[in-house]
Structures are given as C-alpha cells and as structure tokens.
Ligand code: CO
C-alpha cells in the first residue's frame, strides 16, 4: 500500500512537470501573436534616432495616419521633398503626425540634417470591395 502511494505521488509529480512543460510551450506559442500585434501597432510609426528614420521606407494604405517620434537627443524635422507635409522642429519625444489620403511615394528629409531621408509609400486603400 505504501509503495503504491509513493508511486502515485511520483506519477503526480511527473504529470505536474509535463503540465508545466506544456504551459511553457503555450507561452512560447503565444509570443509570435503578441509580436505580430506589436509590429502592426508599430506599422504606422517612424522613429527618429541617431540621425536616422526607422524604418527608412514605410508602406501604408491610403487613409493611414503616420506618426514620427523623435527619440534622438537633438531636434529634427520631417519635411516632404514635394511639400506634401512639413513638421515644426521636433524636440526629444515630440511627435508629428500626417494622414496620407492619396496613394503615391512620398520622399522626405530632415531640414536640419538634409542627409537624413526617408520614404512613405502609400498604396490604395481598396481591397476589391466598396469603400467603408
Ligand atoms: Co535631423
């Protein structure tokens, strides 16, 4: 009887270990989805840091509002080469937003450091159906 109890306890311990392992696997499996959501949220943001726009080229659908955030410790601007948009001087942590209503390729640069350049590619919002 005692041996059986010991075996039962060992078995329960093993089951516990397996469940822990399964939970760990589930946690791992859940990560890609969370990462994808983060990527989607970050998909309309351009970071400015170390004299660089990141991503250098961003593709969005028409109607998307793009946010630039200056995470550098010096001021920068966001100025479209073809005058479609122009921010004021952005200090550290300042944001600038612009909503792209028309499809096209929009090159921009920092007027304080013209070697800083980036591109927003706006594709038609369509999807085959009627506009919402
Ligand atoms: Co700059």
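A short reminder: the numbers here are calculations on the coordinates, not readings from a lab. Bear in mind that the values here come from a model prediction, so they are computed numbers and not experimental data. All Cβ positions, even for glycine, are placed from backbone atoms using ideal geometry, and neighbour counts span all protein chains on display.
Below is a table of values for the structure above.
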{"quantity": "Close pairs (8 angstrom Cβ cut-off, 6 or more residues apart or separate chains): touching a residue at least 40 places away in the same chain (Cβ under 8 Å) in region 64-75, within 13 Å of the ligand (Cβ to nearest atom) anywhere", "calculated": "66/46"}
{"quantity": "Residue count, region 88-102 (criterion: surrounded by 14 or more Cβ atoms within 10 Å (Cβ to Cβ) and closer than 11 Å to residue 64 by Cβ)", "calculated": "3"}
{"quantity": "Condition check for residue 93: within 13 Å of the ligand (Cβ to nearest atom), free of Cβ contacts under 8 Å to residues at least 60 places away in the same chain, outside any strand (DSSP E or B) and in contact with a strand residue (DSSP E or B) (Cβ under 9 Å, 6 or more places away or on another chain)", "calculated": "no"}
